[in-house]
Structure formats: C-alpha cells, structure tokens
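First comes the structure, then the notes that go with it.
The values are calculated or read from the model by the stated rules, or taken from the named source; none is laboratory data. What you see is a predicted model, and the numbers here were worked out from it, not measured in a lab. Cβ sites come from the backbone with ideal geometry, for glycine too, and all protein chains shown count toward neighbours. Side chains included, ligands, DNA and RNA excluded: accessible areas come from the protein's heavy atoms. Shrake-Rupley method; radii C 1.70, N 1.55, O 1.52, S 1.80 Å.
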Amino acid sequence: MRERTQIGIVGAGPAGLLLSHLLHQQGIHSIIVEARSRAYVESRVRAGVLEQGSVDTLREAGLDARLRREGLVHAGIQIQIEQERHRLDLMELTGGKAITVYGQQEVVKDLIARRLADEGAILFEAEHAAIRGFEGEAPRITFTRAGAEGEIACDFIAGCDGFHGVCRPSIPESAIILYDRIYPFAWLGILAKAPPASEEVIYVNHSRGFALASMRSQEVARLHLQCRPDEDLAEWPAARIWEELHARLRTADGDTVHEGAVLEKGITGMRSFVAEPMRHGRLFLAGDAAHIVPPTGAKGMNLAIADVRVLSRALAAHYRENRSDLIDTYSQTCLKRVWRAEHFSWFMTAMLHNFPSEDGFGRRLQRSQLDYVVSSREAGRSLAENYVGLPFAA
Ligand code: PHB
C-alpha cells in the first residue's frame, strides 16, 4: 500500500486524533498510523482531568456532546494534610474557571467516532512504524499492516506516538536536548465500582505516603496510592489496597473511601521529561512524544490538546496563507506552556509525596508549603490558576 497525504500522523491517542480532526476542519488531509487496535486504544485507562481551556477547545471543535452530558464539572479540589481536609475553591479563586473530570479514553472514543464519521483515515494495527525524509522535502512513514508493507508520503509528519514511540528517537541526538527527572516512587491506581469518596478530587499528604481520590462517574471511583517504583502488583490484593486507602484518606471526622469491586489496577511510574525543540525539519512532536509530567498536576492530556491546537493553526497558516512563521515558532510557543506545566507538576509532586531520602528538614518545608497553600489566599490562587490551566495565547 502506498498513499499520499498532507500530514502523516503517528499515533492515535488524544494528540494525534484531535490534530487530525482540527486539520480536517481546516480542509487539510491527514492519515493516522497506530500500532494498536481500536479496542486497545479505547480501553487504555489514563488521566481524567480537563482544564477549562481543553474543554473550550473540544467544544469549539464540536466534540463536546457526550462530554457535556457525562463530564463532571468540579468547582474545587480538596487538599488533605494528614487527617484534615481543606477546600480550594478553584472557581472563586480564578474568577469563574473550573475543571472537568472525563476519562482520557472517553475523549479518545469520541474522537475516533467523529474521525470515522467524517471518513478520516486511521490505520489501526499498523506495526513497526518508521519515519524518514523529514530532514528534507519528502517525509515518509513506513509500516507493516496485515502482513503487507505500507508507505505514506506526506508534507509533514506529526509525532504523536507517546513517550515510547519511534518519532522522538528518530531525531539525530545532536539536534535535540532531553531533560529528564525520575521520581523515587510510583502510583498504584485502581478503578472501582464504588461511589467517589467526595464530590471533588482529594489530594492527600500523609505520613504513610500520598493518596488521591478521584472518580469517573457517580458509580466509579478512581483511586491512587503512592508506592515503590518496583512495587509488585501481585502483593496488592484488593483487601490490602482498601486498607491502605482507608489509612491515608480517613479524616479526623471519620470520612473515608467507599469500597467496591476493583475493575482495573496498575502501576504508573513518575517522571518529568522534556525534549527540546519540539520540531526537527518537517517533523513535529506533540503530546507525550515531546514531554511527560508526573500526574499529580493533572496536566498530561491538557498539554497534548494545547500542542495540537498550536500545530493545527500553524499548519493551517502554512496551507492557506503560505505563512511559515507559526511553523517556525511552534516549538517555542508550546514549550512556554510545557515548562509552566512541568514546574507546576513537579511542585505538586514535591509538595504531596513522601520522599524516601527526605530528612526532617525537608518534611517540615513540605508541611510549611502545604499549610501556606491552604491558608493564604494568594498561594491558593496561584495553585488554582495553574490547576485550571493558564489561558491560551490566541
Ligand atoms: C484522575 O482522575 O485520573 C486523576 C485526577 C487528578 C490527578 C491525576 C489523575 O492529578
């Protein structure tokens, strides 16, 4: 199979799918190449918090029908210090902004349905993707699908294939700088058939370790526990998970989590990572292919949406007005937002987790910072402004 398109997209996650849709709305053709099956990408449990600007982007793109019905709008978050919960009123602190809890795989399902309804091309189960020619004028994506070799010739390649994808490592080492930080802990996460612990997301700093109580609906809770990076899931039967969740989430007033059947469990490593620049020749990186944040700031999916918003506009200016300035500033524009989110995610991670090597001094600094954000209006406002997401430049 040989085809030609304007934009060859590697990866059918939120970044690749939304980019393809936004380009379609501008009359620009794209083809997505995805290694996994449709069923796999639609069931991958990931993050679940959408910033106000992400919700607005999905609405402007006509993708919010189910999001409006099923998304849970949260006007605040809870920060629990040992056994005491404090509420940060996001809406009041930010002059009316909120976040929406809606699982990433729901965004992916909505995007796939819409792309297919619009006759968009998504090649699922296209394995061994490789990219070539992006340093010159004739980029190509090659792959194997159903036993046959495939090739897509395109004007530009969008590398939306995640942290472990092939696009970023295809850039010559001398042309890219990688910033990386790995944290000495991970998250053990479950989905449970149980009502959420509270109406709002709860972040817990506890001497036993960080915990997080979120949700996917009124019937499904999403819960996380800080654990060791090499933690063995087999050592965590449901009873032990619930015991630990109760120990970390219980308040002095006796509030805790509601138990239910564990539908899914997994361990997520925690890292901060940025590749600079996010463009090399005719290759653009977007989403996790270019940067990773630890999930404590709930920024991952939002950064992917922000990147492709900038990229779709840059490509539209190129095709419609023959302008290259937005293509040339793509990396710089994205990285400004990326580094703000990197800082915020690192800050939330550092404030809320137990660092195994930390001494009493570090622990007291952390407690002081926590007390500050829940008691100072200005500190709370700064956290809230970052949490709901900074506005888009244009
Ligand atoms: C989630 O609901 O999955 C979630 C919420 C907040 C976070 C991370 C994940 O910071």
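From V55, V101, V107, grab the single residue that is open to solvent by 20 Å² or more (accessible area, probe 1.4 Å) and within 16 Å of the ligand (Cβ to nearest atom). Please lay out each step first, then the result.
Working: V101 fails: open to solvent by 20 Å² or more (accessible area, probe 1.4 Å); V107 fails: open to solvent by 20 Å² or more (accessible area, probe 1.4 Å).
None of the others qualify; the one that does is V55.
With the condition kept exactly as written, say whether any residue in segment 327-335 is outside any helix (DSSP H, G or I) and open to solvent by 10 Å² or more (accessible area, probe 1.4 Å).
Looking only at segment 327-335, we keep the residues that are outside any helix (DSSP H, G or I), and these are 329.
If we keep only those that are open to solvent by 10 Å² or more (accessible area, probe 1.4 Å) too, we end up with 329.
Checked segment 327-335: at least one residue is outside any helix (DSSP H, G or I) and open to solvent by 10 Å² or more (accessible area, probe 1.4 Å).
Take the residues in segment 206-219 that are open to solvent by less than 20 Å² (accessible area, probe 1.4 Å) and within 22 Å of the chain's Cα centre (by Cα), then tell me which one is farthest from H258 (Cα to Cα). Let's see the steps before the verdict.
Filtering segment 206-219 down to residues open to solvent by less than 20 Å² (accessible area, probe 1.4 Å) leaves 206, 209-215.
Checking which are within 22 Å of the chain's Cα centre (by Cα) leaves us with 210-215.
Details: F210: 18, A211: 14, L212: 13, A213: 10, S214: 12, M215: 12 Å.
It comes out as F210.
For segment 231-241, indicate whether the set of residues that are more than 20 Å from R46 (Cα to Cα) and part of a strand (DSSP E or B) is non-empty.
Checked against the condition, which is being more than 20 Å from R46 (Cα to Cα) and part of a strand (DSSP E or B), segment 231-241 yields no hits at all.
Only one of these conditions is not met by L225: (1) surrounded by 15 or more Cβ atoms within 10 Å (Cβ to Cβ); (2) in contact (Cβ under 8 Å) with a residue 40 or more places away in the chain; (3) assigned to a strand (DSSP E or B). Which number is it?
(2)
Look through A306, A275 and report the one residue that is of a type in the set (A, V, I, L, M) and in a strand (DSSP E or B).
Details: A306 fails: in a strand (DSSP E or B).
Being of a type in the set (A, V, I, L, M) and in a strand (DSSP E or B) holds for just one of A306, A275, which is A275.
Looking at segment 282-295, I want the residues that are touching a residue at least 60 places away in the same chain (Cβ under 8 Å) and have a partner that is within 16 Å of the ligand (Cβ to nearest atom) and aromatic (F, W, Y) with Cβ atoms under 9 Å, at least 6 apart or on another chain. Which pairs are those?
As it stands, the answer is P294/Y183; P294/W187; P294/W346; P295/W187, since those pairs meet every condition given.
Answer yes or no as to whether I122 is farther than 16 Å from M215 by Cβ and in a strand (DSSP E or B). Spell out the reasoning first.
Values: farther than 16 Å from M215 by Cβ: yes; in a strand (DSSP E or B): yes.
Criteria met by I122.
In segment 156-196, what count of residues is obtained for those that are in contact with a strand residue (DSSP E or B) (Cβ under 6 Å, 6 or more places away or on another chain), assigned to a strand (DSSP E or B) and away from the ligand (no atom under 16 Å from the Cβ)?
10
List every residue pair whose Cβ atoms lie under 6 Å apart, where the two residues are 6 or more positions apart in sequence or sit on different chains, the first residue falls within segment 62-89 and is within 23 Å of R114 (Cα to Cα) and open to solvent by less than 40 Å² (accessible area, probe 1.4 Å), and the second residue, located anywhere, is aliphatic (A, V, I, L, M) and part of a strand (DSSP E or B).
L72/V101
Of all the residues that make up segment 242-270, how many are within 16 Å of the ligand (Cβ to nearest atom) and in a strand (DSSP E or B)?
9
For H24, all conditions in the list (1) open to solvent by 60 Å² or more (accessible area, probe 1.4 Å); (2) under 18 Å from the mean Cα position of the chain (by Cα); (3) away from the ligand (no atom under 16 Å from the Cβ) hold save one; what is the number of the exception?
(2)
Given the conditions (1) within 20 Å of L311 (Cα to Cα); (2) within 21 Å of the chain's Cα centre (by Cα); (3) open to solvent by 10 Å² or more (accessible area, probe 1.4 Å), and given that A158 satisfies all but one, which numbered condition is not satisfied?
(3)
What residue, among those in segment 90-118 that are free of Cβ contacts under 8 Å to residues at least 40 places away in the same chain and among the aliphatic types (A, V, I, L, M), is farthest from P14 (Cα to Cα)? Steps first, please.
Here is the first cut: in segment 90-118, the ones free of Cβ contacts under 8 Å to residues at least 40 places away in the same chain are 91-92, 95-96, 113, 116-117.
In the following step, the residues that additionally are among the aliphatic types (A, V, I, L, M) were identified as 91, 113, 116-117.
Numbers: M91: 26, A113: 13, L116: 15, A117: 17 Å.
Among residues in segment 90-118 that are free of Cβ contacts under 8 Å to residues at least 40 places away in the same chain and among the aliphatic types (A, V, I, L, M), the one farthest from P14 (Cα to Cα) is M91.
Looking at segment 1-103, what strands (runs of 3 or more DSSP E) fall wholly within it and have at least 3 residues that are more than 26 Å from A148 (Cβ to Cβ)?
Details: elements: 2-4, 7-10, 30-33, 72-74, 77-81, 84-88, 99-101.
Fully inside segment 1-103 and qualifying: 72-74, 77-81, 84-88, 99-101.
(1) of a type outside the set (G, A, S); (2) open to solvent by 50 Å² or more (accessible area, probe 1.4 Å); (3) more than 16 Å from the ligand (Cβ to nearest atom): which one isn't true of W236, the others all being true?
The failed condition is (2).
Against the definition (among the aliphatic types (A, V, I, L, M) and under 24 Å from Q6 (Cβ atoms)), how does A65 come out, yes or no?
Details: among the aliphatic types (A, V, I, L, M): yes; under 24 Å from Q6 (Cβ atoms): no.
Criteria not met by A65.
Going by the conditions given, is F273 under 20 Å from the mean Cα position of the chain (by Cα), within 30 Å of F185 (Cα to Cα) and either within 15 Å of the ligand (Cβ to nearest atom) or free of Cβ contacts under 8 Å to residues at least 24 places away in the same chain (or both)? Step through it out loud before you land on a result.
On the way: under 20 Å from the mean Cα position of the chain (by Cα): yes; within 30 Å of F185 (Cα to Cα): yes; either within 15 Å of the ligand (Cβ to nearest atom) or free of Cβ contacts under 8 Å to residues at least 24 places away in the same chain (or both): no.
So F273 fails the test.
Can you pull out the residues in segment 287-326 that are closer than 29 Å to N205 by Cβ and either aromatic (F, W, Y) or open to solvent by 60 Å² or more (accessible area, probe 1.4 Å) (or both)?
Within segment 287-326, just D288 meets the criteria.
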